1. Could you tell me which numbered condition T55 fails, if it satisfies all but one of (1) farther than 18 Å from G150 by Cβ; (2) modelled with pLDDT of 95 or more; (3) of a type in the set (V, I, T)?
2. When you check M96 against the structure, is it in contact (Cβ under 8 Å) with a residue 40 or more places away in the chain, more than 20 Å from D67 (Cβ to Cβ), not charged (D, E, K, R) and not in a loop (DSSP other than H, G, I, E, B), yes or no?
3. Take G100 and decide whether it is in contact with a helix residue (DSSP H, G or I) (Cβ under 8 Å, 6 or more places away or on another chain), within 22 Å of S246 (Cβ to Cβ), at pLDDT below 95 and surrounded by fewer than 23 Cβ atoms within 10 Å (Cβ to Cβ).
4. So, in region 53-93, of the ones that are assigned to a helix (DSSP H, G or I) and polar (S, T, N, Q), which residue ends up nearest to A135 (Cα to Cα)?
5. Which of the residues belonging to region 106-131 are surrounded by 19 or more Cβ atoms within 10 Å (Cβ to Cβ) and among the hydroxyl-bearing types (S, T, Y)?
6. What helices (runs of 4 or more DSSP H) lie completely within region 144-254 and have 3 or more residues being at pLDDT 95 or above and closer than 30 Å to T39 by Cβ?
7. With respect to S102, is the statement that it is without any contact (Cβ under 8 Å) to a residue 40 or more places away in the chain and polar (S, T, N, Q) true?
8. All but one of (1) modelled with pLDDT of 95 or more; (2) of a type outside the set (S, T, N, Q); (3) more than 19 Å from G100 (Cα to Cα) hold for D136; state the number of the condition that does not hold.
Amino acid sequence: MAKRSKAAEQVQPAEPAESLEDRLRYQFRNPDLLRLALTHSSLAFEKGDGTPNRTTEDNEQLEFLGDAVVGLIVTELLIQHFPDRREGDLTRMRAMLVSGKSMSEAAVRLGIGRDLFLGRGEESTGGRTRSSVLADAVEAIVAAIFRDAGNAGSAPGGGLRAAKAFVEREIFKPRLTDLKMAASQGARFGGIVGDWKSALQELLQARGEGQPTYRTLEETGDAHNKRFRVEVLLGDRVMGEGEGGSKKAAQQAAAHIAYDLLNPEIADGVIATA
């Protein structure tokens, strides 16, 4: 007797998806959109024979749309709150707000992890608390709100208004105080201190000391739990060393240390993107 192929398996969320609507402060006209936003792509690879299950939809396209919607809304909010800042400063602040770190922090505050629909493999490797999975889910939820509120029969522009209310409340306002502090403290060196690599580069340029370089010292861990150790140099001089879950994060950590050493009087209280 032939062995039957195992059907796609999924891990149900700890609570019904409907309970999330209260935390999101948005009631979906089409609950299927919310479910789709919470469905991770790992479900598509649990057909049983190693091939994708194309009948299982996931949140990747919603995430793609949500990334653009969040970027537009954050850009508008920054211009409203910081009308006198230059493009470079606004670009850096936007990068901080739309970063994976910012998105995943919003997901944690909202308790989104326990409502995700994951494949067994993703669940077993910690997907429910993985920052990248949480960040993607937040972007997908923004897109789901945008689509749901913008469906036929809704008021013109309703989708963008609903998405903006969510982004402003859950992503923008929690970091507004930090943004204002960074704008104030970083202004003396011509930039927002938030992207430590850019801040360090600007500080060194202001002092006429050249450009920093970064060197990876160590890469450890398996595919799901990588760790990197990086040093930042000015010529042959090591200025700082940092660690992180990606090369970018490790470089930011190293730059932060170097910046604090070179410029301790304004280093306290500013924020980082990584």
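The values are calculated or read from the model by the stated rules, or taken from the named source; none is laboratory data. Predicted model, so just to flag it, every value in this text is computed and none were measured. With ideal geometry, Cβ positions are generated from the backbone for all residues, glycine too; neighbour counts draw on all protein chains shown.
1. Answer for T55: the failing condition is (2).
2. no
3. Taking the combined requirement at face value, the residue satisfies it.
4. Here the answer is Q61.
5. Answer for region 106-131, where residues must be surrounded by 19 or more Cβ atoms within 10 Å (Cβ to Cβ) and among the hydroxyl-bearing types (S, T, Y): there is none.
6. Where helices (runs of 4 or more DSSP H) fall fully within region 144-254 and carry at least 3 residues being at pLDDT 95 or above and closer than 30 Å to T39 by Cβ, they are 158-167.
7. When the stated conditions are applied, S102 does not pass them.
8. (3)
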